[in-house]
Every structure is written in C-alpha cells, then in structure tokens.
Amino acid sequence: IFRFPAGTKKICFRYGISLISQEQAEKNLIREQGKDFNLAKVANAGRKEWNETLSNIQVEGGSDDQKTVMYTAYYRTFERPVCQSEEGRYFSAFDGKVHEDEGKPFYTDDWIWDTYRAAHPLRALIQPQKEEDIIESYLRMAEQMGTNWMPTFPEMTGDTRRMNSNHGVAMVADALWKGLIVDAERAFEYCRKGIEDKTLAPWSGRPAGDGIDKD
C-alpha cells in the first residue's frame, strides 16, 4: 500500500525484478540503473540501446512507410525469448530450481509456433551466438523436465505445450543447416523423443498413444 501527502500530483519510483530472490532483485536494479535514479538518463540509455540494435540492418530504397513497417516488424523480433540469467544464475520453471548458467544465458518464453518461421531463421543469420544460446536453453529444458523431450511451447511457467507437433525441431534443423554450433547429438535425441515419445496433440504432456486429454 502506497500513501502520499494530500495534493501530491506526481510521484517517481523504481523497482527491481528477480525470479531468484528479493536480494537479487536489488542487485539487478543497481546493475541496470545504478544507485542514483534518473528517469531521463534511463530513457536515453534505452533509446540508445534500441537505436544500436535496430541499426544492425540497413535498408536501402523503398518509401518511408515501407521502412517503418520493416523496422517495426524487426523490433518485434526482439520481444522474445526472454533471458532469465541473473549474474550467472537463473530460475527454471521446468524443474523449479535455481541453476548456474555456466556462461551461457538461459532463454525462455518463446512462442515458437510462429517464431520458428522467420524470427529464429533471421536471428541465426544476424545473431548466431544468441541463437546458439537459445537452442542450448531448449536442450537444458528437455533435461530439466526429466523427459528429454524437446519443449513444445516454453514459457516463463514451463512448457505449456500449446499447438500441435513440435516446432523446435525446425529451429534446430535450420541452425545446423546454417552452420551454427549446436550439440547435434543431444539436439537430435531430444527432437526425436519429442516427436516419437510424446503425443503431438496440443495442450497435452502425455506420452504418445496415451490419449489427448489435457493434463
């Protein structure tokens, strides 16, 4: 509950977020914004970060409207997946534990039923290291779930298993085709098990042939 003196018209506050602990949330806040909070400074830093990120692609020709559409779509490819690593550790909803990330950021919240079509293939070209880390995150998820099934629809709360089939298989195949560094042996096995051992029906975590009722 927040209480302010009568007549207050403007307030300014900040908050930290962590999936690990309250103490880690405070560390994250200080690391990202410093101890002295300045809204204008934070806004400018964010604008600078986005300008540098979007400038990775330079468009020539076309109208201003067409460029606006293109860069807006490009901007949206950075919406997810989300990096959950916090100073070398991350909480995984796939086993409910905090893990060391061993130098590789852990990504989740990837709505892969549509991102596999264009977002992942684009990232494999312009941010191959990040795409490699995302795929490694998928392999860790498979192991953490205890099934070694390639996740179907990884979110912050775990594998929600939306949509039918398994679109992560296409993501891995595309990355390998483009020469990215992927643990192909683990990836193949987890893709195979996700297709052969798990039902391909949506919303279900049941084994193959065990009905389609949602868990």
- Item | Nearest-0.05 FRET efficiency for Asp109 and Phe2, computed from C-beta distance (R0 22 Å) | 0.15
- In Å, what is the Rg of the alpha-carbon atoms in the chain, and how long is Dmax? 20.4, 65
- Query: Taking only the alpha-carbon atoms of the stretch 56-103, what semi-axes of the equivalent ellipsoid follow from 5 times the gyration tensor eigenvalues under a square root, in whole Å, largest first?
  - Reply: 38, 11, 6
- Note on the structure: For Lys178, the lysines lying under 24 Å Cα to Cα, once residues fewer than eight places off in the same chain are dropped, come out as Lys104, Lys130, Lys193
- Item | the chain: angle of helix 22-33 to the longest principal axis, Cα-based, in degrees nearest 10 | 70
- Tell me the chymotrypsin sites (Phe, Trp or Tyr not before Pro) within the stretch 1-85 that lie in a loop according to DSSP and have at most 16 other beta-carbon atoms within 10 Å. Phe2, Phe13, Tyr15, Phe37, Phe78
- Once the in-chain neighbours fewer than 8 apart are removed, the lysines whose Cα is under 26 Å from Lys41 read Lys9, Lys10, Lys27
- What's the longest piece of the chain with no exposed trypsin sites (Lys or Arg not before Pro), counting a site as exposed if DSSP puts it in a loop and it has at most 14 other beta carbons within 10 Å? 36-116
- Message: For Cα pairs less than 8 Å apart in space and 6+ apart in sequence, what is the mean separation divided by the residue count of the chain, i.e. the relative contact order in percent?
- Response: 13
- Over 16 Å, how big is the tail of the calculated P(r) for the stretch 127-186, in percent of all Cα pairs? 42
- Note on the structure: extent check for the stretch 92-215: Cα max minus min per principal axis, descending, whole Å, gives 41, 30, 24
- Task: Report Rg (one decimal) and Dmax (nearest whole number) for the stretch 155-215, counting Cα atoms only, units Å.
- Result: 12.9, 39
- Query: Per-residue ellipticity at 222 nm for the chain, helices alone: DSSP H runs ≥ 4 residues times -39500 (n - 2.57), over residue total, nearest 500 deg cm²/dmol?
  - Reply: -13500 deg cm²/dmol
- Message: Could you tell me how many cubic angstrom of Cα convex hull volume the stretch 8-84 has per residue?
- Response: 149
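Just so you know, all these numbers are worked out from the coordinates, no wet-lab data involved. From a predicted model like this one, the values you see are computed outputs, not experimental measurements. Heads up, the Cβs are rebuilt from the backbone with ideal geometry, glycines too, and the neighbour counts pull from every protein chain shown.
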